[in-house]
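Chemist: The structure under discussion is supplied below as structure tokens; questions concerning it will follow.
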Amino acid sequence: MTTERQHTHTARQRLLAAAAIAATITVVTTGCTKEPKAAPKPSPSASPSPSADPQEAEKTAALSVYRAFWDASMKAYSTGSMKNTGMESVGTDKAYAKVQATQIYYRDNGFVMTGAPILSPKVSALDTAAEPPKASITDCIDSTNYIQVEKESGKPVGTLDKNRRHVATYTALKIGGAWQIRDFEISRDQLC
């Protein structure tokens, strides 16, 4: 004679077996679905994409440090101090000394620079085989809206130079893996 308890146990076993079978069927049928088609292979006549200029990254890095050098210079000229300008990491040697001398001149005469120049630099020469690697950057600097003013009054200081667009050449060297502006010349005679 079977007891109610035995019926419940048997019913429970049947229910678990049915659930296990249902799970197995789900796994098996899911695994049997079609796989998506693989992407077609390119035809042998397809030409590879043109390779980028291997020196493009170096040119971009040199131009980036050039713009950072200008940002640091503008901070020095507008505040009268070289502190907290970031010049130490982007400008060294003669370039640093020239910015510092100009900043001291402005500070001692009570002048600051306001506004910003328009820059359009290009790497005119790059020698990555040199020790250290060297880049020349040429720019036509438009200082029309970069004005020298009296620090106290904000009154513009007259300049002798009426043409505000000059050619400038910057020398950058890559030392310790980082580009730095080492020297520059702004031609007062060569206009652009």
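The values are calculated or read from the model by the stated rules, or taken from the named source; none is laboratory data. For clarity, every value in this text was computed on a predicted model and none was experimentally measured. Cβ placement follows ideal geometry from the backbone for every residue including glycine, while neighbour counts extend to all protein chains displayed. Remember, those area values only see protein heavy atoms, side chains included, never the ligands or the DNA or RNA. Shrake-Rupley method; radii C 1.70, N 1.55, O 1.52, S 1.80 Å.
Chemist: Identify, from the list Ala101, Ala130, Ala97, the residue that is within 22 Å of Ala57 (Cα to Cα) and loosely packed, with under 14 Cβ neighbours inside 10 Å.
Modeler: Ala130
Chemist: Tally the residues that are small (Gly, Ala, Ser) and outside any helix (DSSP H, G or I), restricting the search to region 73-95.
Modeler: The number of residues fulfilling the criteria is 4.
Chemist: What number of residues in region 56-86 are of a type outside the set (Val, Ile, Thr), open to solvent by 50 Å² or more (accessible area, probe 1.4 Å) and in contact (Cβ under 8 Å) with a residue 24 or more places away in the chain?
Modeler: 4
Residues checked against (1) in contact with a strand residue (DSSP E or B) (Cβ under 7 Å, 6 or more places away or on another chain); (2) surrounded by 16 or more Cβ atoms within 10 Å (Cβ to Cβ); (3) without any contact (Cβ under 8 Å) to a residue 12 or more places away in the chain:
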| residue | (1), (2), (3) |
| --- | --- |
| Lys134 | yes, yes, no |
| Thr138 | yes, no, no |
| Ile141 | yes, yes, no |
| Gly158 | no, no, yes |
| Phe184 | yes, yes, no |
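Chemist: If you don't mind, another one. Hey, can you tell me all the residues within region 146-177 that are closer than 22 Å to Leu119 by Cα and among the hydroxyl-bearing types (Ser, Thr, Tyr)?
Modeler: Listed by number, the residues that qualify are Tyr146, Thr159, Thr169, Tyr170, Thr171.
Chemist: Now for a separate question. Kindly evaluate Val167 against the criterion of being closer than 19 Å to Val99 by Cα and either under 27 Å from the mean Cα position of the chain (by Cα) or of a type outside the set (Val, Ile, Thr) (or both).
Modeler: For Val167, the condition - closer than 19 Å to Val99 by Cα and either under 27 Å from the mean Cα position of the chain (by Cα) or of a type outside the set (Val, Ile, Thr) (or both) - is met.
Chemist: Next question, about the same structure. Exactly one of (1) open to solvent by less than 30 Å² (accessible area, probe 1.4 Å); (2) out of contact with any Lys or Arg (no Cβ under 7 Å at 6 or more places or on another chain); (3) at pLDDT 95 or above is unmet by Tyr146. Its number?
Modeler: Of everything listed in (1) open to solvent by less than 30 Å² (accessible area, probe 1.4 Å); (2) out of contact with any Lys or Arg (no Cβ under 7 Å at 6 or more places or on another chain); (3) at pLDDT 95 or above, Tyr146 misses just condition (3).
Chemist: How many residues are among the hydroxyl-bearing types (Ser, Thr, Tyr), farther than 14 Å from Ala130 by Cα and either touching a helix residue (DSSP H, G or I) at 6+ places or on another chain (Cβ under 9 Å) or at pLDDT 95 or above (or both) if we restrict to region 157-185?
Modeler: Final tally of qualifying residues: 2.
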